[in-house]
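Report on the structure given below.
The values are calculated or read from the model by the stated rules, or taken from the named source; none is laboratory data. Predicted, not measured: the structure shown is a model, and the values here were computed from it. Note: ideal-geometry Cβ built from the backbone for every residue, glycine included; neighbour counts use all protein chains shown. Keep in mind that these areas ignore ligands, DNA and RNA; they rest on the heavy atoms of the full protein, side chains included. Shrake-Rupley method; radii C 1.70, N 1.55, O 1.52, S 1.80 Å.
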Amino acid sequence: MQRIISFFRHIFSPVPEQQLSPEELRIAFRKRYANFRGLLTANNNALQAMADLEKVYYGGDSYRMAFIRSKVTTILVNVFKMIRNLLAMSDGKYKELETIFERIGHDIDAIIERRPDIRQGPFILPLAEVNRQEKDQAGEKMANLGEVAAIPGLTVPQGFVVTSSATRHFLTDEYLVEINRRLQVILPDNLEEMYKGCAEIQQMIRDSPLPPDLEELLYVHYARLERATTPHCRVALRSSALGEDTAGVSFAGLYRTVLGVDRESLVAAYKEIIASKYGARAISYRRKRGYRHVDIEMCVGCLVMVDALVSGVTYSLDPGEEESEVIRINATAGIAKGVVDGTTITDLYLVSREKPHAVVYREMRQDQAASALTYGQIKKLAEAALLLEQHFGQPQDIEWSFDHQGTLYILQSRPMLKSRAAEPEEDTARMAQIEEREAPVLLGGICASSGIASGPVFRVDSAETLCQFPPGAVLVLEHPLPDWAPLLSRAAAVIAEHGSEAGHLATVSREFGIPALFGLPGAMTDLVDGEVVTVNATTRAIYRGRREDLLRMQTVRRNIMAGSPVQRILTDLLQHITPLNLNDPDSPQFKSTWCETLHDITRFCHEKSVSEMFNFGQIHHFDQAAAKRLVGKVPMEWWVIDLADGFGDGVHIEDKSIRIDDIASVPMLAIWQGISAVPWAGPPPVSVRGFGSIIFQSTMRPELDPAVASALTVKNYFLISRNFCNLSVRLGYHYAMIEAYLSDLLTESYVTFRFKGGAADLRRKTVRARLLADVLQHYDFRVELNSDSLLARLKKKPLEYLKQRLQILGYLTLHARQIDMVMNSPGEVNRYRDKFLADIEVMLAGDTPPILGESDHGGE
């Protein structure tokens, strides 16, 4: 039996490593420490890039694929560095991480390079054969019009569609490579360069010959229209891009329409429409709305021109009213071009949705005696609007014309985008009281897009002033032409002397959630460039100066990226990047083989790198890296790991404890000054509800049972060198981490603080995180919040400045404990904010802050 026991002992006992000399040990430790520092740096870079992606994803602002590619590349590079550093520290122990990383990276590459499915079809389709099933060939606009043609009682012009397959036949891969090359060098923020680059691309397309078979087909189908209508008929060529005229994404007025085209100009007009995909206003819009160039393919509708007596735009619901019961009609004599480009003053009719469709409001042009529409025409338009709304299942934005014979032609029907939600009645009343305090400088006009915004006035009336438009300014125009659309991604608000809510620029303003006030005489003369104004488009008023009282009333803008191809790509990417499945290092599942995301890999590598540093002394029979307990008058339990030169000369390897006087680490001493500045007087009184939250948290995470001591609730570790400190603090239900490297070189110095968790419900934990963010921002930290998770950073600052900020973090780490339990009280939030700021000011001044009394609470 003894021999059997000895045999198994021999098999399972580790083979002792070769004893190293002191110099070899120091070299080995320096190498491991260098890998450890490299891993921590890569970890911070990867987590920051992940936070950047989540910030734009949840923030509602626009972002481009170039941004996503950049951040994903940063994450992949730094996660790979973490793996390589961990393998170096562990002698290749976690080799399987490379395979897992390659698999995730392959999935990410596939998502980034994903392209729309392409279905090849005929080059030209008669409009009578087009319906919604053909939208990938005919585009949304013509697919909708084909549907309208099949609705009994509605009429559309005769015509045909030149499909996306024809576009690909024209613009071959050779052309697209060159176009994409030119697009890559166009800087989106340089309007002058963008206009120049786009003009060059468009001219290249205009100069390119059409394939002979496609050109012949164009003439064949035009000849059929001649036979069906009149010889030498004039046609309108209209864009019908994929994605155009979908719900919430109109592309209104951003592509070309060419009117009055005959046989001789047919090919040139077709190429003009194709080239408009690469116009500056279209590219700006796509970038703002989250569309890549590859997501858009241009189709072209060719429709017989209507000999229009009167034309206009109808909304089956009033877009400016939340609970509209009327149909809105804008009409003008002749064709509708002046209505949609904002250059024509129109008659306005509000018509009841109930039969017999009475006109409830009428506003006619001052320069005409007669109404543009008869009641019979108004009734026909109302009936058509409701029919289209019923067919498409949602309110419609309809372009139409009556010919001289009285026939109503539907030229376009797309989903209507309403303005932002109306304010509650109490908010409207409060806004009226606020506005009474000061008379507006201008009042009136038409609310084309509701909302409130402020900024300096900038008047645009030429290509030169367009290129000079600064971000955040209030755009002031004479006419709201679609040509000014690229400025909407920069403008705080839009004001125009002419135009109506039926124009293309009004539609795009509503999409972007930008306040727009049109039809306001005197705007170009009464408003001065550079003067700050506040625009309340909802009440049709403009005030001098920045009115904070009004700006606080503004509603949240819609997420402009929602549902876009770029957002869908980021949604899928984040599933492989940010979810964290490895939460508990003590769990049996905390293994490399359980890593499913890049965040999992960073978590695993970080945890195991700390373990490898801790194990250095045990592996090499060298105890310098072993943890020593900090003793003396210290709150809680703290352990210190010396990575290199973090202890003073009098500390011996065999010592099991250490005093703060023996610490030589500059950042740790700064943190400790903050921790020890004000004693923690214990948790705040907890209500029954708060105590129930603790019990709930304990049931969700048994390892954090406050009645049971565990590794997470007892030991808090400092990992130090003379210039470096990494403090990991697990205080019950929350986790905090401070990391700093202090150097005389500004480029090397940084401070990072992470904070997450708590025992309360998510709302109160989030309030606590917001409170900490307020305090840190007061001291110039760059702060990012995501629910109850906080990240604060500083870098490239002087040494003494960073030491003071580390004191602040030490103070907050201790005193933010458990205050989440009382964060449901605004009074408590304000009291803690005031106390934190007061204590910190006294601490930084070198005085002793007052010790918390019995009536004051310590914190979490």
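Things to note:
The rows are residues; the columns are (1) of a type in the set (Asp, Glu); (2) more than 24 Å from the chain's Cα centre (by Cα); (3) at pLDDT 90 or above.
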site: SER462; (1), (2), (3): no, yes, no
site: THR465; (1), (2), (3): no, yes, no
site: PRO471; (1), (2), (3): no, no, yes
site: VAL476; (1), (2), (3): no, yes, yes
site: PRO480; (1), (2), (3): no, yes, no
site: LEU488; (1), (2), (3): no, no, no
site: ALA491; (1), (2), (3): no, no, yes
site: ILE495; (1), (2), (3): no, yes, yes
site: SER500; (1), (2), (3): no, yes, no
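- Scanning segment 172-198 for residues that are over 18 Å from GLN468 (Cα atoms), open to solvent by 10 Å² or more (accessible area, probe 1.4 Å) and in contact (Cβ under 8 Å) with a residue 12 or more places away in the chain yields TYR175, GLU178, ASN180, ARG182, VAL185.
- Within segment 518-533, tally of residues that are under 11 Å from LEU442 (Cα atoms) and either under 28 Å from the mean Cα position of the chain (by Cα) or in the same structural domain as GLY60 (by TED's automatic domain parsing) (or both): 1
- Total residues in segment 750-777, condition in contact with a strand residue (DSSP E or B) (Cβ under 6 Å, 6 or more places away or on another chain) and more than 28 Å from PHE724 (Cβ to Cβ): 1
- In segment 66-81, the residues that are among the hydroxyl-bearing types (Ser, Thr, Tyr) reach residues that are surrounded by 19 or more Cβ atoms within 10 Å (Cβ to Cβ) with C-beta atoms within less than 8 angstrom, at least six apart or across chains, in these pairs: THR74/ALA46; THR74/ALA49.
- Filtered by the rule that a residue be within 23 Å of GLU216 (Cβ to Cβ), crowded, with 21+ Cβ neighbours inside 10 Å and touching a residue at least 40 places away in the same chain (Cβ under 8 Å), segment 128-164 gives GLN137, ALA138, GLY139, MET142, GLY159, PHE160, VAL161, VAL162, THR163, SER164.
- Hits in segment 572-581 (condition: open to solvent by less than 40 Å² (accessible area, probe 1.4 Å) and among the polar types (S, T, N, Q)): THR578
- Among the residues of segment 582-603, those identified as open to solvent by less than 10 Å² (accessible area, probe 1.4 Å) and under 18 Å from ILE108 (Cβ atoms) are CYS595, THR597, LEU598, ASP600, ILE601, THR602.
- The residues of segment 455-490 that are outside any loop (DSSP other than H, G, I, E, B) and either open to solvent by 20 Å² or more (accessible area, probe 1.4 Å) or of a type in the set (Phe, Trp, Tyr) (or both), listed by number, are PRO456, PHE458, ARG459, ALA463, GLU464, THR465, CYS467, ASP483, TRP484, SER489.
- Unmet criterion (only one of (1) in a helix (DSSP H, G or I); (2) among the basic types (Lys, Arg); (3) surrounded by fewer than 18 Cβ atoms within 10 Å (Cβ to Cβ)) for LYS797: (1)
- The helices (runs of 4 or more DSSP H) found entirely in segment 246-363 that carry 2 or more residues being in contact with a Lys or Arg (Cβ under 9 Å, 6 or more places away or on another chain) and modelled with pLDDT of 95 or more are 266-275.
- Residue selected from segment 91-124 under the condition under 22 Å from LEU573 (Cβ atoms) and touching an Asp or Glu at 6+ places or on another chain (Cβ under 7 Å), by the criterion least open to solvent (accessible area, probe 1.4 Å): ILE111
- For segment 48-66, the set of residues classified as in a helix (DSSP H, G or I) and over 14 Å from LEU574 (Cβ atoms) consists of GLN48, MET65, ALA66, listed by residue number.
- Extreme residue, modelled with the lowest pLDDT, among residues of segment 555-569 that are buried (at least 18 other Cβ atoms within 10 Å of the Cβ) and part of a loop (DSSP other than H, G, I, E, B): ILE560
- First in segment 463-476 and not assigned by TED's automatic domain parsing to the domain that holds GLU192, second anywhere and assigned to a helix (DSSP H, G or I) and modelled with pLDDT of 90 or more, Cβ under 8 Å, 6 or more apart: VAL476/ALA523; VAL476/MET524
- Evaluation of GLY545 against (1) more than 30 Å from GLY290 (Cβ to Cβ); (2) open to solvent by 70 Å² or more (accessible area, probe 1.4 Å) (one fails), failing number: (2)
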